[in-house]
Amino acid sequence: MLGLSSAAKADAIDFTGLNIQTNGSASALSATELQLTPNAPELAGSAFITDSFSSAINFTSTFTFSLTGPSIYGDIADGITFIVQNDPNGALALGGGGGTIGAEGIQNSVGVGFQSWDNDKGRIFINGDVFAGKSKPFSLGDQDDLVDVSISYLAGVLSYTATNQSTSQMISDSRVFDLQTLGPQVYFGFTGGTGLSNADQRISNWNLTVFDGSTVAVPEPATWAMMIGGFGLAGAALRRRRAFVA
């Protein structure tokens, strides 16, 4: 089971543990690597931590995703999302494939999506609609891509930064959002999809830090650093510790 640890640095989440629910084409390849779609067309996959969390939280997360070919139609497709949701299906939630990258149809959700093929965008999206709202151009799919992502939800603002190791391109964006509008509990995870074209799409080295936002007013930057460093998802039984304010 996952737990909140007081370790200075959170350990990567173990994908082979019983705490990860994989759906559709998704599977845990190793303790640190999750495959959302194998290199085949017309697939959708998702994976979620089976423990739900109170939506009255703040969190930070880092992970790396890879999109690799070869592809049937040239560019590899179609992309992945990091998603937080309170869908009626819970950890079993799975959306459609293709350009909707496994997220379309997942209700009560917010996330960050990265689309390849002819979309080539990064975007914060709501309720599974990865085509709506402001996006940032992000070149993916014309080669094998390895992308480092950092995401945070702090004081009601969802932010992300993504850096493509293969091209050195970096994008970032943020959006005001109230996580509690999704409902009282939320699930954390990923989705991915392929369409007529295809890609082997994987997540590796996922770290997730969750702390109780209800105890935090407007902390100083140093206080955020102490909380983020002091709380992480790691090993044994799930236990929640209250964040502190200096």
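The values are calculated or read from the model by the stated rules, or taken from the named source; none is laboratory data. Everything quoted here is computed from the prediction, not taken from an experiment. Ideal geometry is used to build each Cβ from the backbone, glycine not excepted, and the neighbour counts take in all protein chains shown. For accessibility, only protein heavy atoms count, side chains too; no ligands or nucleic acids. Shrake-Rupley method; radii C 1.70, N 1.55, O 1.52, S 1.80 Å.
Quick notes
- Local electrostatic count, Leu29, Cβ distance below 11 Å [Lys/Arg +1, Asp/Glu -1]: -1
- The value of relative contact order for the range 10-148, using C-alpha pairs under 8 Å at least six residues apart, is 21 percent.
- Karplus (6.51, -1.76, 1.60) ³J(HN,Hα), θ = phi - 60°, over the range 76-92, in Hz, Gly and Pro reported as x: 7, 8, 10, x, 9, 9, 9, 9, 10, 8, 10, 5, x, 7, x, 5, 8
- Set of the range 52-69 residues, backbone N closer than 18 Å to the point 7 Å along the Cα-Cβ line of Asp178: 54-59
- Computed from phi, the 3J(HN,Hα) profile of the range 143-158 under the Karplus parametrisation 6.51, -1.76, 1.60 (θ = phi - 60°) reads 7, 5, 10, 10, 10, 9, 10, 10, 10, 9, 10, 9, 6, x, 10, 9 Hz, with x in place of Gly and Pro.
- Sequence-distant residues sharing a close amide H with Gly79 (under 5 Å, placed H): Ser116, Gly193
- Accessible surface of the range 106-172 [probe 1.4 Å, protein heavy atoms]: carbon and sulfur percent: 48
- Counted by Cβ distance under 11 Å from Ser159, the other residues give a net charge of 0, where Lys and Arg count +1 and Asp and Glu count -1.
- Note that the range 53-70 has calculated 3J(HN,Hα) couplings of 10, 4, 7, 8, 9, 10, 7, 10, 8, 9, 6, 10, 10, 10, 10, 10, x, x Hz, one per residue in order, obtained from phi through the Karplus relation 6.51 cos²θ - 1.76 cosθ + 1.60 (θ = phi - 60°); glycine and proline are x.
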